[in-house]
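Take a look at the structure below.
Derivation of every value follows stated rules applied to the coordinates shown; laboratory data play no part. Not measured: the values here are computed from a predicted model. With ideal geometry, Cβ positions are generated from the backbone for all residues, glycine too; neighbour counts draw on all protein chains shown.
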Amino acid sequence: MSEQKQVKVHVEDVNKSYGSNHVLRDISLDVHPNEVVVMIGPSGSGKSTFLRMLNQLEMPDSGTILVDGYDILDKKTDINKVRENIGMVFQNFNLFNNYTVIQNVMLAPVQLGKMGKEEAEKRARELLETVGLADKADMSVGSLSGGQKQRVAIARALAMDPDIMLFDEPTSALDPEMVGDVLDVMKDLARSGMTMIIVTHEMGFAKQVADRVVFFESGKIQESGEPEQIFNAPKNARLQEFLSKVMQA
Amino acid sequence: MKRILLLLTTFMAGLVMVSQGLTASADTTPNYVITTDATYPPFDFQDKNNQYVGIDQDILKEIAKREGFTYTLKPMSFNAATQSVTSDQADGVIAGMSITDERRQVFDFSTPYYKSGIAWAVSKDSKVKSLDDLRGKTVAIKTGTSGANYALSVQKKYGFKVTYFNDSETLYRDVINGNSVATFGDLPVLQYSIKNGTQLKVMNPKDPFEAGEYGFAVKKGGNAKLLASFDKGFAEIKKDGTYDKIVNKYLDASASTFTGNKANSTTVWGILTSNKKAFLDGLFETILLTVMGIFLASIWGIILGIMGISQNKFVRGTATTIIYIFRGLPMMVLAFFIYIGLPTAIGFKIPAFVAGVITLILNEGAYTGAFVRGGFEAVERGQMEAARSLGLSYGVAMRKVIMPQGIKIMVPSFINQFIITLKDTSILSAIGILELTQTGTLIVSRNSQGFKVWAIIAVIYLVVITLLTWLSNWVEKRTKA
């Protein structure tokens, strides 16, 4: 784990309910620079909701969330500025259907004045190269496979040069043979030192890449620790039960 | 969005000024706006040159000449003609209008200029002999006329049902075709029409009911100067015989004197050539209304649609309410409200064309707003989330991601709405705009060739709609590419 004292994401006592459904209860979590945190747990345990709060796609009912030192729940904080530094990758890719592959990657840097069109295009081609899709640059997004779409989505998020990347079940909507390509890109990213928070059901990947694994269940963090500990010596009874189910499958 | 709003208001302001400029005269002679019934021969009707003639029109023209005033004539339905005066949209009305106590409550009348009375008429070969035979049958009457009032006053006694019409020609046709069995109307009007070939017979030519008199009218308490001029001028033309000449000119002559020879008004080609200018003018007006309606209603509709998906609850609610109200209102009610109702409340005139365009904007804009909102909502939620999570603002995300996708979804709805707008312009004939439909009404009132004239009008509409559809499909193809 990193030696740095500085905290990238600081979450304290966050609660969230949808009506009578209490989806997050008193969640606290710190994420340090260059750390890769993987969140696991059964469906509906609140891990995706939690992840979406970190860039304010969802609002908590109470609690504190600091990202890069910014209190993102403070109305005075310019959430757009904070979001520029947080890349997000969705389960369903959400590529912009009205643009080509490279236009998807270039849109935000150009619109936000981060770079000129030419520079953005050059950078976009580099990013597509790193995700292995340089040859698809000028295709429409509709003609890509799921795995290719997700890699474009990662390139699009990276185009803003973020220092945190959020992944919301990035491989759940993919055919099994596509999963590997996407995970490889994510592994490269982790190796490069990116701070990453990942919600996933890929236990092998978690074991391999995570600095820390966090187990969500019933809106609570039941247990967290290094992958070794979580997967080989789980203490929490629910985690044990969860692991026995997913490992069987 | 602000820029569009600004453009819109500037445009509307310009429109108002232009239309007012058209009616204002440069010199100091007073210019009045006078309304009249578009189809009320022998008092008010168009001749073969599409000029308004008739006993009313000739009297008015003669008096204006002698008294030194000018006027802008606005032909419309009788009902709209009288209401335009009470709502200050016009200064006076001359439309074979009977002087009654009820009307005296809201109008000041001139010296009576014509003695008339109510007659009732049936189809030429009808078996109806007396008013008692009308029990259980339907009687056709013209909205707002004293014939209608009389019919209603005896309706209970004779036990008939009534059906209303806004123009005489359609009304007569209804009786001749047997949908209704009789009509009540002013004696000279019925007689003139029968003399010119309408297949009706008057049942009480000798003893009309409620013998009454026609008067020129202004709003009660207003336009005293105009009324005085009319009375003074009328006394003069009565004295020197001009008045009798005018009356005889119309009552003795057959209709063809005014409406052209028989061939001109019975063959389709004849109708087309002898009314070429009228058809073209009407078509031009229809196209002008359509183009302006489509353009401005689309802008307004897109604004409403964007408001409808706003993050702000209040803005969203406003859009929903506006769409609800104007989609719910029948277009004709809206047109009457803007043209006849609103000026009373705001205190200045709204020219018919402007009122028509505003009606189109509000009505068609509401429909457009509804499908624009729907189109934006049909864009996956994830598209917005992805755009926002990159740091794009709501506005940029809308403009660059959501709107281009939404508009693609909406293109077929837009084309549909354009065609509906074109057809809906015909409803504006109700407030007297001389577009294609109103043109048809006027020509039919002159030549009684309902089938042929309406067939011509229908074909013109179909041709224009076909052209509009082609244009739209071409645009659609281009947006798809």
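In table form, for the structure just shown:
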read-out	value
Separation in nanometres of the label points that stand 7 Å from Cα toward Cβ, at B:A228 and A:K117	7.3 nm
Percent of C-alpha pairs per 5 Å bin, segment B:62-181, short to long	2, 9, 17, 19, 17, 13, 10, 6, 4, 2, 0
Centroid-to-centroid separation of segment B:323-383 and segment B:60-94 [C-alpha atoms, Å]	29 Å
From phi via Karplus (6.51, -1.76, 1.60), per-residue ³J(HN,Hα) for segment A:40-52 in Hz, x at Gly/Pro	10, x, x, 4, x, 7, x, 5, 5, 4, 4, 4, 5
Per DSSP, loop trypsin sites (Lys or Arg not before Pro) in segment B:161-233 with at most 12 further Cβ within 10 Å	B:K206
B:Y32 long-range amide H proximity, modeled H, under 5 Å	B:T70, B:Y71, B:T72
Mean-position separation - Cα centroids, segment A:70-124 and segment B:99-176, in angstrom	73 Å
Order of B:I419, B:I443 - criterion: other Cβ atoms within 10 Å of each residue's Cβ, fewest first	B:I419, B:I443
Distance cut-off 47 Å, percentage of C-alpha pairs in the protein assembly as shown lying past it	44 percent
Fraction of the pair-distance distribution of segment B:115-212 above 24 Å, Cα-Cα pairs, percent	8 percent
Ranked list, fewest to most other Cβ atoms within 10 Å of each Cβ, for B:K408, B:K115, A:K76	A:K76, B:K115, B:K408
Likely footprinting exposure, B:R135, A:R123, fewest C-beta neighbours within 10 Å first	B:R135, A:R123
Residues with amide H under 5 Å from that of A:I164, placed H, sequence gap 5 or more	A:G87
Rounded to whole Hz, the Karplus (6.51, -1.76, 1.60) HN-Hα couplings of segment A:174-182, x for glycine and proline	9, 5, x, 6, 8, 4, x, 4, 5
Among A:T171, A:T195, A:T100, residue whose mean-square fluctuation peaks in a GNM of chain A (springs only between Cα atoms under 10 Å)	A:T100
Residue list for segment B:138-159, given a label point 7 angstrom along the Cα-to-Cβ vector of B:M203 and an amide N cut-off under 17 Å	B:138-142, B:147-159
Helical contribution to [θ] at 222 nm, DSSP H n ≥ 4, -39,500 (n - 2.57), averaged over the protein assembly as shown, rounded to 500	-16000 deg cm²/dmol
Linear extension gain, A:K81 paired with A:S140, 0.36 nm per residue minus alpha-carbon span	18.3 nm
Karplus 3J(HN,Hα) series, Hz, for segment A:80-93 with 6.51 cos²θ - 1.76 cosθ + 1.60 (x for Gly, Pro)	5, 5, 5, 5, 4, 9, 10, x, 10, 10, 9, 4, 9, 6
Dmax and Rg, reported as Rg then Dmax, of chain A (C-alpha, Å)	18.1, 55
Zero-based 5 Å bins, Cα pair distances in segment A:153-249, whole percents	2, 11, 22, 24, 19, 13, 6, 2, 0
Per-selection Kirkwood Rh - segment B:274-480 (Cα, Å, 1 d.p.)	18.7 Å
Spatially proximal aspartates and glutamates relative to B:K249 (Cα-Cα < 13 Å; intrachain offsets below 8 disregarded)	B:D56, B:D58
Virtual spin-label span in nm between B:D125 and B:A211, 7 Å along Cα→Cβ	3.6 nm
Signed unit charges on C-beta, dipole axis of segment B:115-212, positive-most listed residue B:G147, B:G159, B:G117	B:G159
Pairs beyond 32 Å (Cα-Cα), from B:K74/B:K157; B:K206/B:K276; A:K16/A:K117; A:K81/A:K187; A:K114/A:K220; B:K157/B:K225	B:K74/B:K157; B:K206/B:K276; A:K16/A:K117; A:K114/A:K220; B:K157/B:K225
